[in-house]
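The values are calculated or read from the model by the stated rules, or taken from the named source; none is laboratory data. Note that this is a predicted model, so its numbers are computed, not measured. Glycine also receives a Cβ, built like all others from the backbone with ideal geometry; neighbour counts cover every protein chain displayed.
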């Protein structure tokens, strides 16, 4: 009964329902956006020290639904929406995000113009090679673009992902510091074997051996909504759980890819929970290292709903446990 209730709640919050009010009743493609600073007192929750945040808004009809984020160069921010649109921002001289542009991702010729066919849920970048990878659920594909997102260079449909649930596909994708890729399905909220995952030896589908299949157990933290590579080689994982007060709880954890073995279960260690005052539907995560400090950027998905928001937050990661440290079951709140 508890699982049935949770499933119904998720459907009402995130899925199509008559009681939900969508934004943008008419198309508007004006290139405008604004960022309203959040009036939240600085706070530390576990290893998360809140730095700053904004509520992002735009009259553009395709602005929102953000499911992936990447840092691009000095001050650059790339947001990927689950409608197949990319939004580029830049942190200006006064520390405010400023819009560079909103544009659709390039698609193959003849590709159906439907949201379900460009349901982008994850993004990974290689700054040195100037490449961007995007993970699509429903079609269970991985696409590689040039760094300017003007050209779709390669499109992969890994055999190992063909049986992944269409609505819970490549929710998280990480390019590790050694060039390998980890892709994790959204999977179940508590069933370890429902969180399917793959480890690619390199750029997926480019003369690499079949990926290593494994599983990820969130151990009650919620569903995986994104992941990002830490400078020390570990993976930071974002988990989303749906409840009442607040509606969304976001738990941040770290896992070590060195623990990945074929057919086994990978587990993670909780390092913090996004404070209640900032609670939202966070689906995108990026890591930025500056002057010896490590920052976590989070973006939320408004699902194009009038009652939800697109929030962009920055946290500093402090006092992270060293690699190989004993795990702790206590979630920092």
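Figures for the structure shown
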item	result
From 101, 95, 64, residue being out of contact with any helix residue (DSSP H, G or I) (no Cβ under 8 Å at 6 or more places or on another chain), in contact (Cβ under 8 Å) with a residue 40 or more places away in the chain and buried (at least 17 other Cβ atoms within 10 Å of the Cβ)	64
Subset of region 62-83 [in a loop (DSSP other than H, G, I, E, B) and farther than 29 Å from residue 26 by Cα]	73, 74, 75
Those residues of region 290-308 which are touching a strand residue (DSSP E or B) at 6+ places or on another chain (Cβ under 9 Å), at pLDDT below 95 and surrounded by fewer than 18 Cβ atoms within 10 Å (Cβ to Cβ), in sequence order	305, 306
Count - residues of region 216-256 that are surrounded by fewer than 18 Cβ atoms within 10 Å (Cβ to Cβ) and out of contact with any helix residue (DSSP H, G or I) (no Cβ under 9 Å at 6 or more places or on another chain)	4
Residue match in region 274-281 (condition: over 13 Å from the mean Cα position of the chain (by Cα) and free of Cβ contacts under 8 Å to residues at least 24 places away in the same chain)	no
Number of the exception - residue 87 against (1) modelled with pLDDT of 85 or more; (2) surrounded by 15 or more Cβ atoms within 10 Å (Cβ to Cβ); (3) part of a loop (DSSP other than H, G, I, E, B)	(3)
Any strands (runs of 3 or more DSSP E) falling wholly within region 152-237 and containing at least 2 residues that are more than 23 Å from residue 274 (Cα to Cα) and at pLDDT below 95	152-156
Any hit, region 199-208, residues being surrounded by fewer than 21 Cβ atoms within 10 Å (Cβ to Cβ), farther than 22 Å from residue 242 by Cβ, in contact (Cβ under 8 Å) with a residue 40 or more places away in the chain and under 18 Å from the mean Cα position of the chain (by Cα)	yes
Within region 309-326, considering residues that are surrounded by 12 or more Cβ atoms within 10 Å (Cβ to Cβ) and farther than 23 Å from residue 91 by Cα, the one nearest to the chain's Cα centre (by Cα)	320
Filter result for residue 167 (over 28 Å from residue 233 (Cβ atoms), without any contact (Cβ under 8 Å) to a residue 60 or more places away in the chain, surrounded by fewer than 21 Cβ atoms within 10 Å (Cβ to Cβ) and more than 20 Å from the chain's Cα centre (by Cα))	no
Breaking point among (1) surrounded by 15 or more Cβ atoms within 10 Å (Cβ to Cβ); (2) modelled with pLDDT of 95 or more; (3) closer than 18 Å to residue 304 by Cα, for residue 20	(2)
Tabulated pairs, region 124-137, first on the phi > 0 side of the Ramachandran plot and modelled with pLDDT under 95, second surrounded by fewer than 24 Cβ atoms within 10 Å (Cβ to Cβ) and part of a loop (DSSP other than H, G, I, E, B), C-beta under 7 angstrom, 6+ apart or interchain	130/147
Test: residue in region 52-61 that is touching a helix residue (DSSP H, G or I) at 6+ places or on another chain (Cβ under 8 Å), in a strand (DSSP E or B) and surrounded by 18 or more Cβ atoms within 10 Å (Cβ to Cβ)	yes
Boolean, residue 94 is at pLDDT below 90 and over 19 Å from the mean Cα position of the chain (by Cα)	yes
